[in-house]
Amino acid sequence: MKKPLATFLEKSEEKAFSKEHRKRINTNMVKYHEKVASGKKQFKDLKAARETAKNIKAFTMQKLPELLEEFEKNFKARGGKVIWAENIEQAQNAILKILRQKAAKAVVKSKSMITEEIALNPFLKEQKIEVIETDLGEFIVQTKGEAPYHIVTPAMHLSKEDVADLFNKKYGTAKDASPEQLTAFVRRHLRKRFASADVGISGGNFLLADTGSVVLVENEGNARLTTTMPRTHIAVVGIEKMIPSIEDLDLFLPLLATYGTGQNLTAYNTILSGPRQAGEPDGPEDMYVILLDNGRSEILADEHMRESLYCIRCGSCLNNCPVYKNIGGHSYDSPYSGPIGAVVSPHLHINSFEDYAHLSHASPLCGSCTENCPVNINIHQLLLYNRSYEEAENLRPSSEKWMWQIWKKAMLNRKLMNAPAFSKNVFRKLYLEKQWGERRVLPKFPRNSFNQLWEKGKI
Ligand code: SF4
């Protein structure tokens, strides 16, 4: 299997030079920015809202063990079951165990990045269990055999013509079908699957400690059907998704909606507090919450990195990142792309730190991510932190270390600085230009160095 660095180099090269890709992403981003500007108007004091959100998340992280226990106690009190998963393997096995108990052959799934993190779809496919994605964007990328392109809009990179062509080949819909016709087709197609699926699997946007609830935020209503129509519902949620109280939602729901899609509030906001209760007409008979760690406790223990756990996965830092807009989501080869993906991917136990260390260098450190984060995470500082960690752990490539040693030696040695321009230019061509990248032009060394010109009295 290809390493993330190899994928990054290959895909970023391809995407950065694709005018079509750039045009498509920029068109979507322009629409996004217009909507966000209008969504922000709902806040009387946006700065204060963001600061408050950050403070609540900071408090939550300080009290996370207690809040998780409080969540567990309250969720169990209403008949829910909680499973703690330390890593991907434990989460996968816990899900498989439930599916085997229920003799499940097919599951419906709503959009969730955490199930990408635990590679659930390929895992269940190996176990001969069918997974049906029910979010429109996820359904499209699943049909195309791709990973989600963006943490909020998984099929952002595809045009309506691409989707019409894909569905024509796969499902025989009209070649020139409109987005409305395609959506109606998917709706019809999925209705049957909701009704027949044995188990529904979702993620969770927030966990509420005081009510023991999982909150789901969406615009299509598919998550609501996924979590209530099948007899069993499994929610896989990262432990960092906790907030202390249901009362905090009046801040977090509008913030997520505004920064995610520019809405005041998303169309469907669902609070699930356990399985169907006596006398209730609908809902699953069983509800499980799998609380995933997978490296989050280590992030929590690191006083610098802890801040990355405040993320509410709105996607704003991706949409504001000049690098993401050029290389696109698939180049990152991680469930979490863009600036926050570059920050957390090396620390989550998806691959090793080394496998994702290069992502922290794919940034001009312009700070646009930080400026546009609803919970004020210092994202660009965390990218720098990752770089310094990499250096401290001696993880940089040896060729780079040599380059810096040579540079230091040369800068401290007058003879080398004043070496003939010809030899310096041979070195530039054979070594420095290779390191600097094919498309970047390094200036030639002039005939005389500054020092030589100075001595000749020419300066
Ligand atoms: S880091 Fe901030 S801007 Fe980026 S996805 Fe998370 S909450 Fe949104």
Subject >> For a label point 7 Å along the Cα-to-beta-carbon line of ARG187, residues of the stretch 122-139 with backbone N under 18 Å >> reply: 134-139
Subject >> Loop-located trypsin sites (Lys or Arg not before Pro) in the stretch 149-190 whose Cβ has at most 11 other Cβ within 10 Å (DSSP) >> reply: LYS175
**OP:** Check the straight Cα-Cα distances from LYS434 and name the aspartates and glutamates below 18 Å, setting aside those fewer than 8 residues away within the same chain.
**Re:** GLU10, GLU13, GLU400
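So what is Rg over Rh here for the stretch 121-212, counting just Cα atoms and using Kirkwood for Rh?
Rounded to two decimals, Rg over Rh is 1.02.
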Subject >> Pair GLN101, ILE246: separation of 7 Å Cα→Cβ label points (nm) >> reply: 2.6 nm
**OP:** For the chain, give the share of DSSP beta bridges that are antiparallel, in percent and rounded to the nearest 5; count only bridges with both residues there.
**Re:** 25 percent
Original post:
At each listed q (0.10, 0.19 Å⁻¹), what is the log10 of I(q)/I(0) that the Debye formula gives for the stretch 320-445 modelled as equal alpha-carbon point scatterers?
Top reply: -0.44, -1.07
Subject >> Förster radius 35 Å - calculated FRET efficiency between ARG231 and PHE59 (Cβ-Cβ, nearest 0.05) >> reply: 0.40
Subject >> Label-to-label distance, nm, for residues given as GLU433 and LYS170 (7 Å Cα→Cβ offset) >> reply: 4.5 nm
**OP:** With no solvent and one equal point scatterer per Cα, compute the Debye intensity ratio I(q)/I(0) for the chain at 0.09, 0.11, 0.12 Å⁻¹ and report its log10, rounded to two decimals.
**Re:** -0.65, -0.91, -1.06
Original post:
How big is the accessible area of ILE271 in square angstrom, nearest 10, if you roll a 1.4 angstrom probe over the protein chains?
Top reply: 70 Å²
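Could you check how many percent of all C-alpha pairs in the stretch 43-294 are farther apart than 34 Å?
Values: 5531 of 31626 pairs.
I get 17 percent for the Cα pairs in the stretch 43-294 exceeding 34 Å.
Looking at this model, which pairs from LYS15/LYS169; LYS2/LYS429; LYS102/LYS192; LYS31/LYS325; LYS111/LYS241; LYS144/LYS169 are more than 21 angstrom apart at the alpha-carbon? Intermediate results must be reported in sequence, preceding the final value.
Working: LYS15/LYS169 25 Å; LYS2/LYS429 30 Å; LYS102/LYS192 19 Å; LYS31/LYS325 14 Å; LYS111/LYS241 16 Å; LYS144/LYS169 10 Å.
With Cα atoms farther than 21 Å apart: LYS15/LYS169; LYS2/LYS429.
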Subject >> Hits among lysines - C-alpha to C-alpha of LYS458 under 24 Å, sequence gap 8 or more where chains match >> reply: LYS415, LYS424, LYS444
Original post:
How big, on average over all directions, is the shadow cast by the Cα convex hull of the stretch 398-455, in nm²?
Top reply: 4.1 nm²
Original post:
What is the Cα coordinate range of the stretch 205-298 on the first, second and third principal axes, sorted by size from largest, in whole angstrom?
Top reply: 36, 34, 22
Subject >> Orphan Cys of the chain, criterion: no other Cys C-beta under 4.7 Å >> reply: CYS311, CYS314, CYS321, CYS366, CYS373
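The values are calculated or read from the model by the stated rules, or taken from the named source; none is laboratory data. Small disclaimer: the values here were computed from a predicted structure and weren't measured. Glycine gets a Cβ as well: all are built from the backbone with ideal geometry, and neighbour counts include every protein chain shown. Only protein heavy atoms, including side chains, enter the accessible area calculation; ligands, DNA and RNA are left aside. Shrake-Rupley method; radii C 1.70, N 1.55, O 1.52, S 1.80 Å.
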